[in-house]
Amino acid sequence: MIVDTNALSGWRDGDSALLRVIGAAGMLVLPVVSVGEYLYGLRNSRRRTESEAWQNRIVGALRVAPVTLETAGVYASIRSILDRTGRPIPANDIWIAALALQHRLPVLSRDAHFDSVDGLTRVSW
C-alpha cells in the first residue's frame, strides 16, 4: 500500500483507526513525494525534533518509492485524463497516484480526490 502524506501524519499522531488499517496491511511503501511533503511540514512544526526522529525510523524501516521515467509517463497519462475530464487534483497527489498505479498498489489516504484517478484503489480509515 502506498502511504499518502495525510496517512503518514496520522500514523505519527497515533490515529487508532489508521493504525488498525496499517496493522492489517501487507506491504507499506512511502512515495518519495510524501516524504518531501512531510519534511516540508516539519519545517514549521512545534514538535520538529520528535517528528523528525519518528520520520527517520519510518523511512529507515519502509521501502521508499522513487520517481522514475516510468512514473513520469504514468503521471502524464493521469494528469492528461484528469484535465480532459475536468477533475484536476493537486500535482503532488498525481505523483503519488502514479507511483501507486506503477507499482499496482492501493493508496492509503483520506483524500477523496484520489477516487477520480481511473484504476486507482484508495483505502481510507
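Of everything in region 107-125 that is assigned to a helix (DSSP H, G or I) and touching an Asp or Glu at 6+ places or on another chain (Cβ under 8 Å), the residue that is nearest to V67 (Cα to Cα) is F114. In this entry, Y40 is excluded by the filter for residues that are without any contact (Cβ under 8 Å) to a residue 24 or more places away in the chain and either under 21 Å from L120 (Cβ atoms) or assigned to a loop (DSSP other than H, G, I, E, B) (or both). Quick one: would you say V35 is within 15 Å of V3 (Cβ to Cβ), among the aliphatic types (A, V, I, L, M), out of contact with any Gly (no Cβ under 7 Å at 6 or more places or on another chain) and part of a helix (DSSP H, G or I)? Yes; evaluated as a whole, the condition is true for this residue. Taken across region 67-90, residues that are assigned to a helix (DSSP H, G or I), surrounded by 12 or more Cβ atoms within 10 Å (Cβ to Cβ), in contact with an Asp or Glu (Cβ under 7 Å, 6 or more places away or on another chain) and modelled with pLDDT of 95 or more do occur, with at least one present. Do we find a residue being out of contact with any helix residue (DSSP H, G or I) (no Cβ under 7 Å at 6 or more places or on another chain) and of a type in the set (A, V, I, L, M) anywhere in region 2-14? No, region 2-14 has no match at all.
Looking across region 51-66 at every residue that is part of a helix (DSSP H, G or I) and surrounded by 12 or more Cβ atoms within 10 Å (Cβ to Cβ), the one that is modelled with the lowest pLDDT is identified as S51. Checking the structure you have, find out if any residue of region 26-47 is at pLDDT 90 or above, more than 16 Å from D93 (Cβ to Cβ) and touching a strand residue (DSSP E or B) at 6+ places or on another chain (Cβ under 7 Å). The answer is yes; a qualifying residue exists. For region 98-113, the condition holds for no residue, the condition being that it is surrounded by 13 or more Cβ atoms within 10 Å (Cβ to Cβ), touching a Phe, Trp or Tyr at 6+ places or on another chain (Cβ under 9 Å), under 19 Å from Y40 (Cα atoms) and not hydroxyl-bearing (S, T, Y). Taking region 91-106 as the range and being in a loop (DSSP other than H, G, I, E, B) and hydrophobic (A, V, I, L, M, F, W, C) as the test, only L105 passes.
Listed here are the residues, each with its yes/no results for (1) out of contact with any strand residue (DSSP E or B) (no Cβ under 6 Å at 6 or more places or on another chain); (2) free of Cβ contacts under 8 Å to residues at least 24 places away in the same chain.
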residue: N56; (1), (2): yes, yes
residue: T71; (1), (2): yes, no
residue: V74; (1), (2): yes, no
residue: R79; (1), (2): yes, yes
residue: G86; (1), (2): yes, yes
residue: I96; (1), (2): no, no
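The values are calculated or read from the model by the stated rules, or taken from the named source; none is laboratory data. These numbers come from a predicted model, not from an experiment. A quick note on method: Cβ atoms are made from the backbone with ideal geometry, for glycine too, and the neighbour counts reach across all protein chains shown.
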